[in-house]
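Structure, as structure tokens:
The values are calculated or read from the model by the stated rules, or taken from the named source; none is laboratory data. What you see is a predicted model; the values in this text were computed from it and never measured. Virtual Cβ from ideal backbone geometry, glycine too; neighbours counted across all protein chains shown. Calculation scope for accessible area: heavy atoms of the full protein, side chains included, ligands and nucleic acids excluded. Shrake-Rupley method; radii C 1.70, N 1.55, O 1.52, S 1.80 Å.
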Amino acid sequence: MINDFGYIILILSILVSVYVLYAAWQGRNDPDSPWLVSARNAVIAVFALLTLSTAAVVYSLVAGDFQVNYAYQVSSLSMSTFLKVTALWGGQQGSIIFWTWLMSAFAAAVMVRKWDTDRPLMPWVIIVTVGTLLFFQGVSLFIANPFERLWFVGNDLVHSVWQPVGGVAVSPRNGQGLNPLLRHPGMIGHPPTLYLGFVGFVIPYAFAMAALITGRSNEATWIQTTRRWTLVAWVFLSIGLILGGRWAYDVLGWGGYWGWDPVENASFMPWLTGTAFLHSVMIQEKRGMLKVWNMILIILTYSLVMFGTFITRSGVISSVHSFAESAIGPAFFAFISVTFLASLYLLLTRLDTLKGEHELDSLLSRESVFLLQNLLFLGITFATFWGTIFPMISELATGEKITVGPPFYNKVNGPLFAVLVLTMGVAPLLAWRKHSAKRLGRALWLPFAIAVAITLGLLLFGIRNPTALFGYWLVAFVGLTTLWEFGKGIRARMKHGESPGLAMVRLIGRNRRRYGGYIVHLGVVMMALGIVGTNFFQQETQGMLAPGESLHLDRYTLTYERLLQYEQEGGDRHVTEAKVNLYRDGKFLRTLRPHKDFFESNEQSLTIPAVLSRPGEDVYVLLVGWEEISFNGSTFKIYINPLVSWLWAGGLVLIAGTLLAAWPEKQTAASWAAARRPALGATAQ
């Protein structure tokens, strides 16, 4: 009964969305039209309806209504209520309606926030946003329906919402259960935050298209609104990527956190173009430049969001993250093509409204470095895109799917990332319009010298890899230049009698956007330190041990004690766990328990490492296998991952900085425009 209710509500939400498009179209030429108010209210109603429809899916998962095909696929009696709820995004059909519900929530939020300020743009914002939403509603209804039930028609098991002719209802006693890989806390949080980032990027795109259509692309208000929504989407996507890396580190059992998997890439690419836009839009705000470029970045980000959803759900590219092949692929491909071509056409027809107010005055300026950063972001995006789609191209051309591995990405993107990080240290020291080389040299020499001294110290300490030494120098240099900017501001405030702590708090509080950005840069530096450490100095070994025997790696000794086997979750989860003791230089550190879990309901296994995290390195232990009969021997694999904890800590700092920068300030469009005018002629920061 609840399942049928959810299906009917989904249909009703589609009908209301169609009405929204009609009403917004009718009110497109009059911001005060009652049609537009009606469209606004209807968007909020769509959110309410989709909330009910999504809740019906959750009910079938929690209640164990296994006649519902989706509940049978991803839920089971042995799962906790929490896992049953998170199974909403654990499969194809549920993830699509979850995506749709989140999109409706963002659309409703746009309707209630700053409606009057953005009112001239709202008819087209509504049309673009709800047009995207309607596509996903249609996919959920016609292609990936979460309300289909299981039926026997003769000897065939079919799934359909309504009883087919000659069909007999099938009610399995238990479901297959959620994929074990998705039961980790990181994976429980990874998809929702990733989806929030994806759907959040639809809003800046809608405002950009509305500005183009209405000829208001030169006005300040839409840029302010777009930047804020982009920051919101960007921080969610950042959290999703970090959680995904942590999930890979904790669950996939290969000792790493990023493998350039196609679905990882699909999430990473819109993050790259979104980051480029956040940097580039500052030039448009300050100097009225790069308007066409910013539109291109918004269009690319939106298209890459749709492409990422297509990659994940179509199954056209093999990945541990992707779903099975389905009919969803052609629909997504058609939608991406239509929206991308339509956006480009609109951009080309409105080029005359996007003329820049100024030109680049000097190569030694903040604008030029921001532009270089944008080109680097786009270069990394293109290389990642090419590596991601190459298996599809090779299969079309040769009939054989050739996968591009991490060495390609590391060789191409590694140097680009290094230059990108370097520009992070230089850009804050440059003025708008023009900067003197002498002034820049005075600002850089001390951080440069200290970074060189740190690198020489590492060389004396025994690090000989030249690429790693350059990486450490780069991290030190950029970190020091960023801290130098904080130091200058704090010292200036201390001259007025403020204590160092109070000066720092007031400095950041009164310019949250600027110093929030610097905190983001510090987070990136910390993450880069972790990446250099793990990429160049990871150690590993593997061996079979009998109880009482030891395995050695660097200064660590792993001593095998015994193997345990037991059941959990009502007998569905069979655990094989090894008890091992870890020593460093002969000193006992901790007892670790790496284990393998086998899930009977879906006949899948999961390898869970045991990790000892320290500020300088992680010791990562895997139970690879064991002798089934005698238990006299078990095989272990050990990794030492230097500085990896800096990666996770840097991710937290990055998120904190973004939240600080995105925190709204009390500033009207008029005051923003007034603040911008003197900046156009300023030559100093």
task = Identify all residues within the range 1-17 that are open to solvent by 70 Å² or more (accessible area, probe 1.4 Å) and touching a Leu at 6+ places or on another chain (Cβ under 7 Å); write none if there are none.
result = LEU12
query = Which condition breaks for SER78 when tested against (1) open to solvent by 10 Å² or more (accessible area, probe 1.4 Å); (2) out of contact with any Asp or Glu (no Cβ under 7 Å at 6 or more places or on another chain)?
reply = (2)
task = Check every one of the helices (runs of 4 or more DSSP H) wholly within the range 142-252 and list those with 2 or more residues that are over 22 Å from GLY131 (Cβ atoms).
result = 185-200, 220-251
inquiry  = Give all pairs with beta carbons closer than 9 Å in which a residue from the range 619-648 that is more than 30 Å from LEU522 (Cα to Cα) meets a residue that is assigned to a loop (DSSP other than H, G, I, E, B) and of a type in the set (Phe, Trp, Tyr); count only pairs at least 6 apart in sequence or on separate chains.
reply    = LEU622/TRP254
task = Pull up the range 621-639, narrow it to residues that are of a type in the set (Val, Ile, Thr) and in contact with a Leu (Cβ under 6 Å, 6 or more places away or on another chain), then point me to the one that is surrounded by the most Cβ atoms within 10 Å (Cβ to Cβ).
result = ILE638
note = Going through the range 639-658 in order, the residues found to be polar (S, T, N, Q) and assigned to a helix (DSSP H, G or I) are SER645, THR658
query = Mind checking which pairs have a first residue in the range 1-20 that is farther than 15 Å from PHE135 by Cβ and touching a residue at least 12 places away in the same chain (Cβ under 8 Å) and a second that is open to solvent by 20 Å² or more (accessible area, probe 1.4 Å) and acidic (Asp, Glu), Cβ under 9 Å, 6 or more apart or different chains?
reply = ILE2/ASP65; ASN3/ASP65; TYR7/GLU148
task = Identify all residues within the range 105-157 that are within 27 Å of the chain's Cα centre (by Cα), among the aromatic types (Phe, Trp, Tyr) and open to solvent by less than 30 Å² (accessible area, probe 1.4 Å); write none if there are none.
result = PHE106, PHE136
message = Looking only at the range 564-609, how many residues end up being closer than 24 Å to ARG183 by Cα and either in a strand (DSSP E or B) or modelled with pLDDT of 90 or more (or both)?
response = 26
task = Kindly indicate whether ALA418 is free of Cβ contacts under 8 Å to residues at least 24 places away in the same chain, assigned to a helix (DSSP H, G or I) and either more than 22 Å from GLY274 (Cα to Cα) or open to solvent by 10 Å² or more (accessible area, probe 1.4 Å) (or both).
result = no
query = Is there any pair with a first residue in the range 268-289 that is open to solvent by 10 Å² or more (accessible area, probe 1.4 Å) and a second that is among the polar types (S, T, N, Q) whose Cβ atoms are under 7 Å apart and which are 6 or more apart or on different chains, and what are they?
reply = PHE268/THR384; TRP271/SER238; LEU278/THR230; HIS279/GLN373; HIS279/ASN374; GLN284/ASN294
request  = Inspect the range 194-210 for any residue being over 25 Å from PHE268 (Cα atoms) and either modelled with pLDDT under 90 or open to solvent by less than 40 Å² (accessible area, probe 1.4 Å) (or both) and give the result as yes or no.
outcome  = yes
request  = Determine if the range 397-408 includes at least one residue that is among the aliphatic types (A, V, I, L, M), within 25 Å of the chain's Cα centre (by Cα) and part of a helix (DSSP H, G or I).
outcome  = no
task = Look through HIS159, HIS190 and report the one residue that is touching an Asp or Glu at 6+ places or on another chain (Cβ under 8 Å), in contact (Cβ under 8 Å) with a residue 12 or more places away in the chain and not hydrophobic (A, V, I, L, M, F, W, C).
result = HIS159
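Quick one: in the range 27-52, which of the residues that are among the polar types (S, T, N, Q) and not in a loop (DSSP other than H, G, I, E, B) is most open to solvent (accessible area, probe 1.4 Å)?
Among those that are among the polar types (S, T, N, Q) and not in a loop (DSSP other than H, G, I, E, B), it is ASN41.
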Every pair of residues 6+ apart whose Cβ atoms lie under 6 Å, when the first sits in the range 335-349 and is within 16 Å of ALA211 (Cα to Cα) while the second is part of a helix (DSSP H, G or I) and among the aliphatic types (A, V, I, L, M) = SER343/ILE299; LEU346/LEU212; LEU347/MET295
message = When the residues of the range 341-370 are narrowed to those that are open to solvent by 60 Å² or more (accessible area, probe 1.4 Å) and in contact with a Ser or Thr (Cβ under 8 Å, 6 or more places away or on another chain), which ends up modelled with the lowest pLDDT?
response = LEU360
inquiry  = Conditions first: (1) open to solvent by 20 Å² or more (accessible area, probe 1.4 Å); (2) assigned to a helix (DSSP H, G or I). ASP65 passes all but one, so which condition is the exception?
reply    = (2)
Among the residues listed as GLU549, GLU569, the single one being of a type in the set (D, E, K, R) and in contact (Cβ under 8 Å) with a residue 24 or more places away in the chain = GLU569
note = Only one of (1) buried (at least 20 other Cβ atoms within 10 Å of the Cβ); (2) within 20 Å of PRO428 (Cα to Cα) does not apply to TYR472, and that is (2)
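Okay, residues lined up against (1) within 17 Å of PHE636 (Cβ to Cβ); (2) in contact (Cβ under 8 Å) with a residue 24 or more places away in the chain:
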position: THR534; (1), (2): no, yes
position: GLN542; (1), (2): yes, yes
position: LEU553; (1), (2): yes, yes
position: ARG590; (1), (2): yes, no
task = Please work out which residue is farthest from HIS279 (Cα to Cα), limiting yourself to the range 371-397 and to residues that are at pLDDT 90 or above and open to solvent by 60 Å² or more (accessible area, probe 1.4 Å).
result = TRP386
key: Residues (over 17 Å from ASP118 (Cα atoms), out of contact with any Ser or Thr (no Cβ under 9 Å at 6 or more places or on another chain) and not aromatic (Phe, Trp, Tyr)) located in the range 21-42   = LEU21
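Suppose we filter the range 545-563 for residues that are under 21 Å from PRO642 (Cα atoms) and part of a strand (DSSP E or B); how many remain?
Qualifying residue count for the region: 6.
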query = How many of the residues making up the range 513-544 are touching an Asp or Glu at 6+ places or on another chain (Cβ under 7 Å) and either open to solvent by 30 Å² or more (accessible area, probe 1.4 Å) or not in a helix (DSSP H, G or I) (or both)?
reply = 1
